[in-house]
Amino acid sequence: MRELPRRDFLARMVGGVAGGVAALLGIPAGVFVIGPSQERRTGDWVALGTVDDFPLEKPRLISATVAKQQGWVVEEQELSVFVSTEDGTEFVAMSDKCTHLGCRVRYVDEIDEAAGPGFFCPCHNGVFDSEGGVVAGPIPRPLDRLETKVEEGRLFVREL
Amino acid sequence: MGTRVGDWIDQRSGWRDSWNRVFLARIPNISWGHTLGAATLMAVVILLITGLALTFYYVSSPTDAHQSVQYITNVVPLGWLIRGLHHWAASALVVLSVAHLIRVVIHGAYKYPREFTWFTGIALLLLVFGFGLTGSLLPWDQRAYWATEVRIEVFATVPFIGDWLARFLQGGDQLSSLTLSRFYSAHVWLFPLLLFGLVAVHLRLVLRHGISARPKEEPRRDEEPRKREEASLL
């Protein structure tokens, strides 16, 4: 084993302690700054209306005000959802936020002859079919869906 | 590998010269008291890092300040630790600064050629008090509010300019959201910038002059004749 001079040993000790102190301070600071930013929370159930409010023929865009706790502030936010139903008992709720870059999509009765009705995003010409599936444009995935439930004739949705 | 990267950077920056000048400097026979300056600097580093982290969540408005501090303490992971470190390092900084000052006085280290180092040190001490004054208002709780109220009343007793000074500190005729806002600005912008500048000058001067040797205890040359004279008077 190579002999370690006293001077080098001390230099290494000092370096080690300094590194330890830096880690002791730096790691908690990093954890603190990341903080609760990565927490995923499911939303609360939001009432959108009675089941009769939603037509069978095409999706209806409906908005509700939701109180959301962000940090120490409770913010009133608007939740916009497309609700479609085929029989008035089973409901599909889709976010109106384009999955490409978050613009708001709108429902169009006939986008073109081939595609038929669907959702259109004006920002980059994204096209979804009427169930939210990808048809054309730079869209990476179908429209996000919300959880739905019907209680006493009223439709509730919840963000996942 | 480490040395090769170090060499590459050294050839282009000469960092080893600076490193050696700081860490391999020849120093006189020193005491534990001589470490107080470095300890003070360490407290400053801890305050900088934790303070920077705290600004990620703290909001300096009267409606949010207290709640954001509660959020930091109770919700953010390790928030209690970061806030606690900032709080206690602040107290430690005051104690260490004053201890450092006392050590310098006892060793006579403020004398030629180190007078200017001493002046920057005194300015730094005042700055530390400024940090304390402005920082203790920021939690915006009862203690912060009333302690600041009292301190501003103290400033108001300064002859001639007291009233002007109190209004200047408060940003108006009473302690309000304007006070909180300007104390925050001073605490995180103005004072840290002044601190960087003064610490840089202070450290540069310490390197320039080296560490002062301890004063020697030599018997005074006129000691014996004086003693004889005193004895004859008795």
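Where a number appears in this text, it was derived from the coordinates with a stated rule and is not lab data. Given the structure is predicted, the values throughout are model-derived calculations rather than measurements. All Cβ positions, even for glycine, are placed from backbone atoms using ideal geometry, and neighbour counts span all protein chains on display.
For a quick check of your reading of the filter: which GluC sites (Glu not before Pro) in the range A:75-105 sit in a DSSP loop and have no more than 10 other Cβ atoms within 10 Å? Please list the in-between numbers first.
On the way: sites: A:E75, A:E76, A:E78, A:E86, A:E90; in loops: A:E86, A:E90.
The qualifying sites are A:E86, A:E90.
Taking the Cα atoms only, what angle lies between the long axis of helix A:6-34 and the longest principal axis of chain A, rounded to 10 degrees?
Result, in degrees: 20.
Restricting things to Cα coordinates, could you compute the convex hull volume per residue of the range A:46-158 in Å³?
Numbers: hull volume 12.0 nm³, N = 113.
In the range A:46-158, the Cα convex hull volume per residue is 106 Å³.
Compare the Cα positions of A:S84, A:G133, A:C98 along the charge dipole of chain A (+1 at Cβ of Lys, Arg; -1 at Cβ of Asp, Glu; about the Cα centre) and return the one farthest towards the positive end.
A:C98
To the nearest 0.05, what FRET efficiency results for B:T73 and A:E3 with a Förster distance of 51 Å applied to their C-beta separation?
Values: r = 52 Å, r/R0 = 1.01.
Given R0 = 51 Å and the Cβ-Cβ separation, E is 0.50.
Calculate how steeply helix B:115-135 sits against the longest principal axis of the alpha-carbon atoms of chain B, using the helix alpha-carbon long axis, and give the answer as 0 to 90 degrees to the nearest 10.
Relative to chain B, helix B:115-135 is tipped by roughly 20 degrees.
Any idea what the relative contact order of chain B is, in percent, if you count C-alpha pairs under 8 Å spaced at least 6 apart?
Details: 164 pairs, mean separation 53.7, N = 234.
Computed over chain B, the figure is 23 percent.
Only sites in a loop by DSSP and with at most 16 other Cβ atoms within 10 Å count here; which GluC sites (Glu not before Pro) in the range B:125-234 make the cut?
Working: sites: B:E149, B:E153, B:E217, B:E223, B:E229, B:E230; in loops: B:E217.
Those satisfying the criteria are B:E217.
List the trypsin sites (Lys or Arg not before Pro) within the range A:5-97 that fall in a DSSP loop (any state other than H, G, I, E or B) and whose Cβ has at most 13 other Cβ atoms within 10 Å.
Values: sites: A:R6, A:R7, A:R12, A:R40, A:R41, A:R60, A:K68, A:K97; in loops: A:R40, A:R41.
Passing both the DSSP loop test and the Cβ count: A:R40, A:R41.
Kirkwood hydrodynamic radius, the protein assembly as shown, all distinct C-alpha pairs: what's the number in Å? It would help to have the intermediate numbers written out before the result.
Values: mean 1/r = 0.0356 Å⁻¹.
This gives a value of 28.1 Å.
I'd like the distance separating the alpha-carbon centroids of the range A:1-41 and the range A:52-116, in whole Å.
About 49 Å separates the Cα centre of the range A:1-41 from the one of the range A:52-116.
Any idea what the alpha-carbon Rg over 2.2 N^0.38 Å comes to for the range B:119-234? It would help to have the intermediate numbers written out before the result.
On the way: Rg = 24.0 Å, N = 116, 2.2 N^0.38 = 13.4 Å.
Expressed relative to 2.2 N^0.38 Å, the Cα Rg reads 1.79.
Can you spot the lysines whose alpha carbon is less than 19 Å from A:K58's alpha carbon? Ignore those fewer than 8 places along the same chain.
The reachable lysines, counting only those whose Cα sits under 19 Å from A:K58, are A:K97.
Can you give the longest run of chain B that contains no trypsin sites (Lys or Arg not before Pro) sitting in a DSSP loop with at most 10 other Cβ atoms inside 10 Å?
Numbers: sites that count: B:R26, B:K216, B:R220, B:R221.
With a cap of 10 other Cβ atoms within 10 Å, the longest stretch comes to B:27-215.
With the crude spin-label approximation of a point 7 Å out along Cα→Cβ, what separation in nm comes out for A:Q77 versus B:I30?
With each label point 7 Å from Cα toward Cβ, the separation is 5.5 nm.
Taking N as the number of residues in chain B, what is its Cα Rg relative to 2.2 N^0.38 Å?
Details: Rg = 23.8 Å, N = 234, 2.2 N^0.38 = 17.5 Å.
In units of the 2.2 N^0.38 Å rule of thumb, it is 1.36.
Expressed in nm to one decimal, what extension gain is obtained for the pair B:F119 and B:S232 from 0.36 nm per residue of sequence separation less their Cα-Cα distance?
Gain on extension, B:F119 to B:S232, equals 36.0 nm.
Rg/Rh for the range B:164-213 to two decimals, with Rh computed the Kirkwood way over all alpha-carbon pairs. Intermediate values should be presented prior to the final figure.
On the way: Rg = 17.1 Å, Rh = 13.1 Å.
In the range B:164-213, Rg relative to Rh is 1.30.
What nm value, rounded to one decimal, do you get for the distance between B:W146 and A:A23 when each label is placed 7 Å out toward the C-beta?
Here the answer is 4.6 nm between the modelled labels.
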